[in-house]
Amino acid sequence: MYKTRAESLEFLQGFMSCLTETADEREVVLCVPFTDLSVLSKNLHGGRIRLGAQNVHWEESGAFTGEISGQMLAEIGVRYVIVGHSERRQYFGETDETVNLRLKAAQKSGLVPILCVGETKQQRDAGETESHILSQLAQDLVGVDQDNLVIAYEPIWAIGTGDTCETKEANRVIGLIRSKLKNPDVPIQYGGSVKAENIDEVMAQPEIDGVLVGGASLEAASFDRIVNYQ
C-alpha cells in the first residue's frame, strides 16, 4: 500500500529511463494499488513494462463491497495479478480455498496469476517447510491451468525483516516446488528481502526464474539495479 497516483507517475518517470539497457528477454511487471492502475495503464501503453494488480475477487460481479473483479482489471490493461500474498493470508483471512477460487477467476478473465506460497518462522523451525508448501500447492492449484501461471516462493520470515533466505536454500525449495508441478516450465520467483545487494547471487541460482520485490521496488534506483542484475 504505497504511492498515490501522482507518486506513481513520478516513480515511473524515473524508472523508465533505467530500462534502456535492460535485456529484451527480461519481463518487468509493476503490481500497484488499485487506484494507480488506470493512470499507469495509460502511461505504459505500448511500452515494455507490464501492469499487475495486487489482488482479484473470485466472482465477476455481486454484493462484495470493496472487491475488484478480473474483468474490471482486464478492461484497463492489467495483465498480471498477485494471488495469495502472505500479507493477504496473514491479515485478511485468505485461505487456500479462496486462493484457488481467485486463481481460477484470474485465468478466466485472461489474467496471469502470480501465486504466492511460503512458510512462517514457526513452521520452518518445526521442520514443516516442505509439508506446508506442498499442502498449499495441492489445494491452491486444483483446476488451475499451469500453462498460464507464475509462482512466487516467499519465506514469510524473510519478508521485510532483512533476514534473507540463503540463496541455495531458496533454490532448493523452488526446485522442490517445480518437481511437484504438472508443468515444470512454470516461472518460479523468489520473494523475501530481495535487494540490490543480493540480486546477482539470487539470480545466479539455476531454479530461480525471477524475483517478487517488495520494499526495494519503491525507489527507482534500487529497483533499476534489481531489474538490471548481472
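The values are calculated or read from the model by the stated rules, or taken from the named source; none is laboratory data. Because the structure is predicted, anything quoted here is derived from the model rather than measured. Ideal geometry is used to build each Cβ from the backbone, glycine not excepted, and the neighbour counts take in all protein chains shown.
Residue-wise test of (1) within 23 Å of residue 145 (Cβ to Cβ); (2) of a type outside the set (S, T, N, Q).
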| residue | (1), (2) |
| --- | --- |
| 1 | no, yes |
| 9 | no, yes |
| 14 | no, yes |
| 31 | yes, yes |
| 55 | yes, no |
| 60 | yes, yes |
| 89 | yes, yes |
| 102 | yes, yes |
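Condition check: of a type in the set (A, V, I, L, M, F, W, C), in a loop (DSSP other than H, G, I, E, B) and surrounded by 19 or more Cβ atoms within 10 Å (Cβ to Cβ). Does residue 78 satisfy that?
The answer is yes for residue 78.
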* Can residue 66 be described as at pLDDT below 95, more than 15 Å from the chain's Cα centre (by Cα) and small (Gly, Ala, Ser)? -> no
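Residue 56: in contact (Cβ under 8 Å) with a residue 12 or more places away in the chain and not in a loop (DSSP other than H, G, I, E, B), yes or no?
Values: in contact (Cβ under 8 Å) with a residue 12 or more places away in the chain: yes; not in a loop (DSSP other than H, G, I, E, B): no.
Considered against the rule, which asks whether it is in contact (Cβ under 8 Å) with a residue 12 or more places away in the chain and not in a loop (DSSP other than H, G, I, E, B), residue 56 comes out as no.
Quick one: is residue 144 at negative phi, touching a strand residue (DSSP E or B) at 6+ places or on another chain (Cβ under 6 Å) and not in a strand (DSSP E or B)? Step through it out loud before you land on a result.
Values: at negative phi: yes; touching a strand residue (DSSP E or B) at 6+ places or on another chain (Cβ under 6 Å): no; not in a strand (DSSP E or B): yes.
When the stated conditions are applied, residue 144 does not pass them.
Which one of 219, 166, 207, 197 is within 19 Å of residue 121 (Cβ to Cβ) and either modelled with pLDDT under 95 or of a type in the set (Asp, Glu) (or both)? Steps first, answer last, please.
Numbers: 219 fails: within 19 Å of residue 121 (Cβ to Cβ); 207 fails: within 19 Å of residue 121 (Cβ to Cβ); 197 fails: within 19 Å of residue 121 (Cβ to Cβ).
Sole residue among the options that is within 19 Å of residue 121 (Cβ to Cβ) and either modelled with pLDDT under 95 or of a type in the set (Asp, Glu) (or both): 166.
Can you tell me which residue is nearest to the chain's Cα centre (by Cα) among those in segment 147-180 that are among the charged types (D, E, K, R) and part of a helix (DSSP H, G or I)? Full working, then the answer.
Filtering segment 147-180 down to residues among the charged types (D, E, K, R) leaves 147, 154, 163, 166, 168-169, 172, 178, 180.
Next, from what is left, pick out any that are part of a helix (DSSP H, G or I): 168-169, 172, 178.
Values: 168: 20, 169: 19, 172: 19, 178: 16 Å.
Here the residue is 178.
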* Asked: Taking segment 36-53, which residues are touching a helix residue (DSSP H, G or I) at 6+ places or on another chain (Cβ under 7 Å), outside any helix (DSSP H, G or I) and aliphatic (A, V, I, L, M)?
  -> 51, 53
* Structure fact -> Here the residues within segment 5-35 that are assigned to a helix (DSSP H, G or I), under 20 Å from the mean Cα position of the chain (by Cα) and exposed (fewer than 13 other Cβ atoms within 10 Å of the Cβ) are 35
* **Output for segment 185-228, where each listed residue is part of a helix (DSSP H, G or I) and of a type in the set (S, T, N, Q)** => 217, 222
* To do: Kindly provide the set of residues from segment 110-141 that are buried (at least 19 other Cβ atoms within 10 Å of the Cβ) and assigned to a loop (DSSP other than H, G, I, E, B), ordered by number.
  => 111, 118, 119, 141
* Output the number of the condition that residue 77 fails; it satisfies all remaining conditions of (1) of a type outside the set (Phe, Trp, Tyr); (2) closer than 21 Å to residue 189 by Cα; (3) in contact (Cβ under 8 Å) with a residue 12 or more places away in the chain. => (2)
* Structure fact -> Expected output for segment 36-48 (first residue closer than 13 Å to residue 16 by Cα, partner assigned to a helix (DSSP H, G or I), Cβ below 7 Å, 6+ apart or cross-chain) is 40/8; 40/12; 43/9; 43/12; 48/19
